[in-house]
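I'd like to ask some things about the structure below.
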Amino acid sequence: MTPRDLARLRLQAQQITCSAARAAEEVVASFGAMQAQDYASALWAIGLRLPAATEADVERAVAERRIVRTWPMRGTLHFVAARDVRWMLELLTPRIIAGAKRRWDELEFTDALWRKITKLVGKMLQGRALTREALLEELEREGVSTAGGRSYHIPWRLAQERLLCFGPRAGKQKTFVLLDEWVPKSRKLAGDEALAELALRYFASHGPATQADFVWWSGLKSADARAAIGLVASQLVSETVDGKTYWMRGDSAPPEPSQGFLLPGFDEYLLGYTDRSAALDAKHAVKIVPGSNGVFLPMLVNDGKVVGTWRRTVGKRAVTVTADTFAHTAKSAFATATKRYGAFLGVSAPLRFESAG
């Protein structure tokens with residue numbers, strides 16, 4: 001298996017080159033969880049894997065509570081299918097919560113204060129949705145300081161403790177709701193059953209991938225990740241290359257060369273692995289994450305390789321996609337992808353290349 005084979009197989013597993021999904025929740029469920037730090041990027045991450053879907057279709061899945069935005073792993077925002085939200089939070093967040101204790105001590109959060117905040121927020125959100133600002137203002141009126149990092153950590157922890165999640169939009173603002181009201185029922189999994197399900201979802205959607213990749217993506221301890229792989233090894237195939245064992249579902253041959261794709265920032269195709277060299281040459285990494293600040297730019301991908309970045313300019317009747325390449329790439333490689341993005345947004349999307357490597 002060559003690096004090019006690896007990249008093409010991942011494009012296939014990630015449902016970028018082909019997808020049988022019929023609804024947004026099917027795409028999200030197949031991954032287990034999908035990065036959602038940037039809301040618009042996350043909508044497109046789902047949409048590009050859902051043939052003929054529009055942005056409104058994906059937003060409807062959010063509004064209809066079929067997919068949920070919360071912090072299920074690594075302390076990072078993801079979309080998860082509503083039916084999976086509780087077992088994933090129960091499996092993955094205790095370690096994140098425990099790891100944040102030092103920071104909470106610095107912010108003078110005590111156990112008693114957390115109990116007070118939990119009780120207050122539970123009452124504040126009962127039967128309604130509140131923006132972050134409104135929620136924090138109500139806490140301030142109750143004598144709870146939300147200054148500094150507290151304004152972020154309060155909803156962050158309460159979401160991981162399964163009290164709240166993101167709800168409907170209020171205009172352009174996101175709101176918080178009680179998880180038990182927003183998603184009254186969801187699937188129950190625990191212990192080995194939850195570990196096995198998580199591993200199967202990951203390697204089916206990200207394979208070929210290594211145990212180290214799975215540890216990075218899930219936030220599990222190495223021992224737990226190894227145990228999870230053992231539980232589903234009979235449902236996966238593996239291949240060892242240069243001393244690394246790659247796991248995947250099925251044993252299909254690498255697909256033929258693919259066309260170009262416009263991937264959003266923070267896409268699973270790059271972020272879903274600790275070793276990203278199959279898709280991105282190390283010398284270009286700083287161009288995708290300028291300043292190494294953790295913000296991943298939208299990517300141009302051609303035949304599995306990241307060859308540039310892109311940005312959009314939204315007008316009243318059209319969207320212009322401006323591409324900046326760092327490898328020689330023909331504009332025609334992205335013609336279909338640009339039309340697809342325009343259809344997703346419901347506008348025309350002409351493409352303009354700013355440079356060529």
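The values are calculated or read from the model by the stated rules, or taken from the named source; none is laboratory data. Here the structure is a predicted model, which is why all the values come from computation and not from measurement. All Cβ positions, glycine included, derive from the backbone under ideal geometry; neighbour counts span all protein chains shown.
Condition (residue is surrounded by fewer than 16 Cβ atoms within 10 Å (Cβ to Cβ), without any contact (Cβ under 8 Å) to a residue 24 or more places away in the chain, out of contact with any Phe, Trp or Tyr (no Cβ under 6 Å at 6 or more places or on another chain) and farther than 22 Å from A228 by Cα) applied to region 64-71: is it met by at least one residue?
Checked region 64-71: at least one residue is surrounded by fewer than 16 Cβ atoms within 10 Å (Cβ to Cβ), without any contact (Cβ under 8 Å) to a residue 24 or more places away in the chain, out of contact with any Phe, Trp or Tyr (no Cβ under 6 Å at 6 or more places or on another chain) and farther than 22 Å from A228 by Cα.
Working only within region 146-172, note down all residues that are part of a helix (DSSP H, G or I) and surrounded by fewer than 15 Cβ atoms within 10 Å (Cβ to Cβ). Spell out the reasoning first.
Initial filter on region 146-172 (part of a helix (DSSP H, G or I)): 150-160.
The one that is part of a helix (DSSP H, G or I) and surrounded by fewer than 15 Cβ atoms within 10 Å (Cβ to Cβ): Y152.
Working only within region 112-136, note down all residues that are surrounded by 12 or more Cβ atoms within 10 Å (Cβ to Cβ), touching a strand residue (DSSP E or B) at 6+ places or on another chain (Cβ under 9 Å), outside any loop (DSSP other than H, G, I, E, B) and of a type in the set (D, E, K, R).
Answer for region 112-136, where residues must be surrounded by 12 or more Cβ atoms within 10 Å (Cβ to Cβ), touching a strand residue (DSSP E or B) at 6+ places or on another chain (Cβ under 9 Å), outside any loop (DSSP other than H, G, I, E, B) and of a type in the set (D, E, K, R): just R132.
Could you check region 287-303 and list, in sequence order, the residues that are assigned to a helix (DSSP H, G or I) and among the β-branched types (V, I, T)? Reasoning before the result, please.
So the first thing to find is which residues in region 287-303 are assigned to a helix (DSSP H, G or I), and the list is 287-288, 290-292.
Once the filter is applied, which keeps residues that are assigned to a helix (DSSP H, G or I) and among the β-branched types (V, I, T), region 287-303 yields only I288.
Could you tell me which of the residues S238, S234 is of a type in the set (S, T, N, Q), more than 16 Å from R8 (Cβ to Cβ) and touching a Ser or Thr at 6+ places or on another chain (Cβ under 6 Å)? Steps first, answer last, please.
Details: S234 fails: touching a Ser or Thr at 6+ places or on another chain (Cβ under 6 Å).
The match here is S238.
Would you check which residues across region 186-230 are more than 18 Å from the chain's Cα centre (by Cα) and part of a loop (DSSP other than H, G, I, E, B) and list them?
Scanning region 186-230 gives S186, R187, K188, L189, A190, P208, T210, K221.
Out of region 235-291, which residues are free of Cβ contacts under 8 Å to residues at least 24 places away in the same chain and of a type in the set (G, A, S)?
Of everything in region 235-291, those that are free of Cβ contacts under 8 Å to residues at least 24 places away in the same chain and of a type in the set (G, A, S) turn out to be S238, G243, G250, A253, A282, A285, G291.
Only one of (1) part of a loop (DSSP other than H, G, I, E, B); (2) in the same structural domain as L297 (by TED's automatic domain parsing) fails for L270. Which number is that?
(1)
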